[in-house]
1. Take the residues in segment 354-384 that are of a type in the set (A, V, I, L, M) and part of a helix (DSSP H, G or I), then tell me which one is surrounded by the fewest Cβ atoms within 10 Å (Cβ to Cβ).
2. Output the number of residues of segment 317-352 satisfying the condition of being open to solvent by less than 60 Å² (accessible area, probe 1.4 Å) and either touching a Ser or Thr at 6+ places or on another chain (Cβ under 9 Å) or at positive phi (or both).
3. Residues in segment 42-60 that are open to solvent by 70 Å² or more (accessible area, probe 1.4 Å) and at positive phi: how many?
4. So which residues in segment 174-190 are modelled with pLDDT of 95 or more and open to solvent by less than 40 Å² (accessible area, probe 1.4 Å), if there are any at all?
5. Inspect segment 292-313 for any residue being closer than 25 Å to GLY354 by Cα and in a loop (DSSP other than H, G, I, E, B) and give the result as yes or no.
6. Between a residue in segment 1-12 that is closer than 8 Å to GLY391 by Cβ and any residue that is open to solvent by 50 Å² or more (accessible area, probe 1.4 Å), which pairs come within a Cβ distance under 9 Å, given they are 6 or more apart or on different chains?
7. I'd like the full set of residues that are open to solvent by less than 60 Å² (accessible area, probe 1.4 Å) and in contact with a helix residue (DSSP H, G or I) (Cβ under 7 Å, 6 or more places away or on another chain), limited to segment 148-162.
Amino acid sequence: MKTLQTIWQELFQPLSAFGYEEGQGTTRLSWSKPFLEAQLYLRRYGEAIGLQCRRDGWGNLLMTVLGETDLPPVYTGSHLDSVPHGGKYDGALGITVPLAIATAWHEKGFRPYRPLTIIAFAEEEGTRFGTPCLGSQSMAGKLQGKEPDRFVTAEGRTLAQLLQEAGLEGNPFAPHLLPGKCFLELHIEQGRALEDAKLPLGIVSAIVGIRHFTVTITGTANHAGTTAMKDRKDALAAAARWISAVFEKALASQQQYVATVGHIRVFPDAGNVVPGKAELSLEIRSASDQTMDVALTEFQEELQKIARTFQVTFQWKQLDQIPPLPMEQSLMDLFEQEAQDLKIPYQIQPSWAGHDSMILGHELPTAMLFVPSVKGISHSPDEYTEPEPIGQAAEVLERALQKLTAK
């Protein structure tokens, strides 16, 4: 009998072709032609092994291994869409490994006691409308009351148009997440913690919280030639000093948090004018709200010192706050037990990226498994994960799913 790794490879290779262009990576945007072709491939594959397949009004694909009972199902899966010029594994791995498990069950005539539903989510990446995890938000009822025409792409196309062209009917915002026992998601790590530790498997402890801010530093715009250095109130110089301080403090935290200044606007933005104002973005991520609170206090205190040194002022505005989401301990324990029984080495670690699990984790007990990303690369044509750890993760996931669907 074929191994799970072999079944997965035979399934994954054809799927990888949809949206892939040599040298350009994978571009499989939600509801695009490559996306719909990939979805049809998965649906036909699922139906061929006896799965009950359907799409909801948003375009999420649900493929169910029927159980001996109609008890609330165990859910698993991930997203089918990609970023532009992305990789083959992000999202697709978490769909194809459960499908490989369903194939193995079908071939040996195994039927679970309760159903297992594999979900291929649409629009997790947020490339269409700038908001991530919309497919899982829709399933969970988070978008009820919204109007499809209010969602508009950068090209001016509305969600309603995209859904119509994809042949989808019904309310895209109607909840389709039935009562369930739990949700499990297998994903590439998208970082290098596992590779650095030389481990094939990660059990996720929490999905980190994220906070976004805008920081405005105001000095005085003045002539770049006639304003002596000692007389300057240079907003950009102050910003540069503070950005360096943010980086150094985050580095010294030893991965307790990460902090990023990724966007700067300078006014008046002229080569011969001392900058009078700088607007900065700040993003901070951590698995602990308390850690973020402490870090932000340190950032603000540092900015106060810098403002006095450079004779500038600043304003600090919080834009949003997503709290950390701990994973379900009992499911983490189950993953640990199965990995130990299979003698597969692992580590417990947070997820520094967001996933559909951070949406469904508020609705159902949720847990995640990670496999290594070579060199920590993701969202890139160079994204790659070796087949062996995928096979090992598939064995852990299968054993967990067997136990979870048993009663």
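1. Across segment 354-384, the extreme among qualifying residues is VAL374.
2. Total satisfying the criteria: 8.
3. 0
4. Listed by number, the residues that qualify are GLY180, CYS182, PHE183, LEU184, GLU185, LEU186, HIS187, ILE188, GLU189.
5. So far as segment 292-313 goes, no, none of its residues is closer than 25 Å to GLY354 by Cα and in a loop (DSSP other than H, G, I, E, B).
6. THR3/GLU395; LEU4/GLU395; GLN5/GLU388; GLN5/GLU395
7. PRO148, PHE151, THR158, LEU159, ALA160
Yes/no matrix, rows are residues, columns are (1) without any contact (Cβ under 8 Å) to a residue 24 or more places away in the chain; (2) touching a strand residue (DSSP E or B) at 6+ places or on another chain (Cβ under 6 Å); (3) closer than 28 Å to LEU134 by Cα:
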{"residue": "PHE314", "(1), (2), (3)": "no, yes, no"}
{"residue": "PRO323", "(1), (2), (3)": "no, yes, yes"}
{"residue": "GLU328", "(1), (2), (3)": "no, yes, yes"}
{"residue": "LEU331", "(1), (2), (3)": "no, yes, yes"}
{"residue": "GLN337", "(1), (2), (3)": "yes, no, no"}
{"residue": "PRO350", "(1), (2), (3)": "no, yes, yes"}
{"residue": "ALA353", "(1), (2), (3)": "no, no, yes"}
{"residue": "PRO365", "(1), (2), (3)": "no, yes, yes"}
{"residue": "LEU369", "(1), (2), (3)": "no, yes, yes"}
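The values are calculated or read from the model by the stated rules, or taken from the named source; none is laboratory data. Source: prediction; values computed, not measured. Note that each Cβ is placed from the backbone with ideal geometry, even for glycine, and that neighbours are counted across all protein chains shown. Ligands, DNA and RNA are excluded from the accessible area calculation, which covers all protein heavy atoms including side chains. Shrake-Rupley method; radii C 1.70, N 1.55, O 1.52, S 1.80 Å.
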